[in-house]
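Comments concern the structure below.
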Amino acid sequence: MPKKTADFKWLLYVCAGAVGLYLLLPLLMIILTSISMGTATKFPPEGLTLEWYGKLADQKQFLQAFLNSIAASAGAVALALVAGTLAALAIIQYPFRGSGVLRAFFMSPMVMPKITLGVAYLILFSKMHIAGGLFALILGEAVIVFPFVLSIVGSAMANLNAAHREAAADLGAGPLRIFFTITLPQLRLSLLLAGSIAFVFTFDQVETALLILRQGSYTLPIQLFLYMEKWQDPTVAVVSVVLIAFALTLFWAIKLVIRSAPGIENLLGGGQDERRS
Amino acid sequence: MSDGQGAIAIETRHAVKRYAGNTAVDQVSLQVKRGEFVSLLGPSGCGKTTLLRLLGGLEQPDEGTVLLSGKDVSGIPAYGRNSNMIFQQLALFPHMDVYNNIAYGLKVRKVAKEEIKRRVHEMLELVQLGDYSRRSVSQLSGGQAQRVAIARALINKPEVLLLDEPLSALDMQLRLDMQRELKRIQRDFGGTFIFVTHDQSEAMNMSDRIGVMRGGKLLQYAAPDEIYERPADSFVAKFIGDTNLLQVKVLGTEQDLVSVDCFGSMFQIRQSKGLAPFQAGSLRPLSIRYEYVRLGEAASRSANRFEGRVIESVYGGASIRYTIDIGGRFQLQASALYQRGDIRYNVGDMLHIGFNPEDGLLLNDDSSGKGEAAL
């Protein structure tokens, strides 16, 4: 048997290589474009240069937009993490009549067309006189990423061993203390995971941001979009490459956090730990 | 009584707990003296764990009361009671090391750091895990995890320690070691232990008193020897130790000897003290312990004698268990002590069988059929 599988291993490599290439090709093109000469985005490039990277420093609107994006995403994620964890707590640990319906309702922003939500927010936030600012965006985005938190943290919470909470209660801990010393620490990894996914998701959200935001509080995707409408130079590609670098850094940072916290991986896997304890 | 120094550590009075129409605990009244080691024994689903959870405050009774040191604690949740529990799955906190697991109960009570440190190390000494304080919980073996769970539960100096089948996941040898260990800890610690188990030998090994439960009811609550020698009914007789249960018809009572008819044979049974006289003509289960059935030579001195044919012989080292067919009418199990050189019967051998009037026990119930079905 092992011999037979070895014979066809090359096929696996070819397929995997093809898929990898398909996934990476657009990124490679962006990187190439970002270092191409000339004022128009052209492929293949006429020559290679780093001058567009230098010029990016002058484009202050991109830095501002980047900071706006970070602030909006961070705010939305923080809001969604708190609300999502509390919602999961209610639905999973204190099930009540209609908790299933509530869960489905909380998950619904996932399937709702974002542009519809955007229009709805525009109307609502205009009435509240907060439309146009980042605060409005944070409120809107939090609702959109809320389902990620609810589903990831919720399923992790459902896998927690209820006996741990009982043991803590038996040792004298009240419900609040149990939440902070038993439940929450065991959800660390899921919170990190849900937070990262939600952050990445909100970071390049266009639809709602496009409708809600006004000049001055544009986020990076909007700024890029607007820039591309006017200019064809490789600046957009340069910004994209910087974003890719940013995403990779974030990814490695998270990996590092996970690795530096021993046992945290077990918590997500859970199975083995639960049997033992 | 309310000063916590009374003789009764924990008590339930007519406690009832129902789940979705099922009565898990049915009118149970149980008193446990301070310093006693009590086992709650019964098949799975008999309500013993629910009763333990009622005692610990993890469940609240629908009716009746729970008293801890004479104080009514019904309605007070687990975190308000000075009793601690060791869970079946131990439930050690996986995100904490051994030290923090054990220290948890003290931290909750906001004990000073130095004091926590001292007491955790005291506890680690008690359970003989001196060097393990910084170990992660996932690195512990079954027996070590067991000890950590015990230390964690005892650190609050509970008035009562509740143990929910904590040994059931261990292999046989470790289990026997932990049984001894638990007894030692109880001696050193001097607390009241209530131990839930479905293993009758575990209960016999460790307990001062055993409560046998079935279908939510506490059938009998007595010292191990009393339960073994004078079981309250056929279920208890069958559950604690091995016994033959035969359906017999009472013929009459003469002085303290009861004559019964058992599938056509006449037997004399000594009337047990304290039981109401048996009505002639009534049907009763007769219990004869395996080891009380005499074989061969020994049977000739017995008051009740008959003959039988060996149809099965199981070698068990120190003893041999025979299944004997009595003239095709009924079968008996007999367990005979065996040492090298003793007579050993083979399948097909005819032999004399007997038992003494005081070794048979007429039980005061007619639920033997139900009892066997439940096993």
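Between A:Phe96 and A:Trp231, the simple label model (points 7 Å from Cα in the Cβ direction) yields a spacing of 5.4 nm.
The mean number of Cβ atoms from other chains found within 10 Å of a Cβ in peptide B:76-86 is 4, as a whole number. Chain B gives an Rg/Rh value of 1.06, both radii derived from C-alpha positions and Rh following Kirkwood.
Rg and Dmax, both from the Cα atoms of segment A:60-223 and both in Å, are 17.9, 58. To the nearest µm²/s, what D does Stokes-Einstein give for segment A:1-146 at 20 °C and 1.002 mPa s, using the Kirkwood radius over alpha carbon pairs as Rh? So the translational diffusion coefficient is about 104 µm²/s. Counting, for every residue in A:170-182, the Cβ atoms of other protein chains within 10 Å of its Cβ and taking the mean gives 6. Evaluated at q = 0.19, 0.26 Å⁻¹, a Debye calculation over the C-alpha positions of segment B:218-281 (equal weights, vacuum) places log10 I(q)/I(0) at -0.84, -1.16.
With equal scatterers on the alpha carbons only and no solvent term, can you work out the Debye log10 of I(q)/I(0) for segment B:181-289 at 0.13 1/Å? Calculated log10 I(q)/I(0) at the listed q: -0.60. A DSSP coil position with no more than 13 other Cβ atoms inside 10 Å describes the following chymotrypsin sites (Phe, Trp or Tyr not before Pro) in segment B:173-276: B:Phe263.
Computed over neighbours whose Cβ is under 13 Å from that of B:Ser39, the net charge equals -3, Lys and Arg +1, Asp and Glu -1. Estimated from helices alone, the mean residue ellipticity of chain B at 222 nm is -7000 deg cm²/dmol (sum of -39500 (n - 2.57) over DSSP H runs with n ≥ 4, per residue).
For segment B:8-229, the Cβ-based charge dipole about the Cα centre amounts to some 760 debye (Lys, Arg positive; Asp, Glu negative; other atoms uncharged).
Put simply, the convex hull of the Cα atoms in segment B:242-374 casts, on average, a shadow of 8.6 nm².
Rounded to the nearest 5, what % of DSSP beta bridges with both residues in segment B:147-258 are antiparallel? Show your work: numbers first, answer last.
On the way: 7 of 12 bridges.
The antiparallel proportion sits near 60 percent.
In segment A:60-223, Cα pairs under 8 Å separated by at least six residues give a relative contact order of 43 percent. Only DSSP H runs of four or more residues enter the estimate; each adds -39500 (n - 2.57), and after division by the residues of chain A the mean residue ellipticity at 222 nm equals -23000 deg cm²/dmol.
Our summary of shape: the Cα atoms of chain A have principal axis extents of 72, 70, 32 Å, ordered from largest down, in whole angstrom. Loop-located chymotrypsin sites (Phe, Trp or Tyr not before Pro) in segment A:57-111 (DSSP state other than H, G, I, E, B) with a sparse environment of at most 16 neighbouring Cβ atoms within 10 Å: A:Phe96. Once the Cα atoms are used to define both axes, helix A:235-260 deviates from the longest principal axis of chain A by about 30 degrees. Among the listed pairs B:Lys17/B:Lys107; B:Lys48/B:Lys249; B:Lys17/B:Lys113; A:Lys114/A:Lys255; B:Lys48/B:Lys238, a Cα-Cα separation exceeding 29 Å is found for B:Lys17/B:Lys107; B:Lys48/B:Lys249; B:Lys17/B:Lys113; A:Lys114/A:Lys255.
Translational diffusion of segment B:137-180, estimated by Stokes-Einstein from the Kirkwood radius over alpha carbon pairs at 25 °C in a medium of 0.890 mPa s, is 217 µm² per second. Projecting the Cα atoms of B:Ser302, B:Val196, B:Val73 onto the dipole axis of chain B, where Lys and Arg carry +1 and Asp and Glu carry -1 at the beta carbon, places B:Val73 farthest toward the positive end. The phi-based Karplus calculation (6.51 cos²θ - 1.76 cosθ + 1.60; θ = phi - 60°) puts the 3J(HN,Hα) values of segment B:21-30 at x, 8, 9, 7, 10, 10, 6, 8, 10, 9 Hz, whole numbers, x for Gly and Pro.
In the protein assembly as shown, what percentage of the DSSP-assigned beta bridges are antiparallel, given to the nearest 5? In the protein assembly as shown, approximately 75 percent of DSSP beta bridges are antiparallel ones.
Determine the sum of side-chain charges near A:Glu207: Lys and Arg each +1, Asp and Glu each -1, restricted to other residues whose C-beta is under 13 angstrom from that of A:Glu207. The partial results should precede the final answer.
On the way: positive: A:Lys114; negative: A:Glu141, A:Asp204.
For residues surrounding A:Glu207, the net value is -1.
Within segment B:280-342, the trypsin sites (Lys or Arg not before Pro) that combine a DSSP coil assignment with at most 14 other C-beta atoms in a 10 angstrom radius are B:Arg329, B:Arg340. The ellipsoid equivalent to the alpha-carbon distribution of the protein assembly as shown has semi-axes of 73, 30, 24 angstrom, derived from the gyration tensor eigenvalues as √(5λ) and listed largest first.
Counted over all Cα-Cα pairs of segment B:8-229, pairs farther apart than 34 Å make up 12 percent. Protection proxy ranking of B:158-168, B:243-253, by the mean of other Cβ atoms within 10 Å over each peptide's residues and highest first, is B:158-168, B:243-253.
Bear in mind that the values in this text are calculations on the coordinates, not laboratory data. All values reported here derive from a predicted model rather than from experimental measurement. A quick note on method: Cβ atoms are made from the backbone with ideal geometry, for glycine too, and the neighbour counts reach across all protein chains shown.
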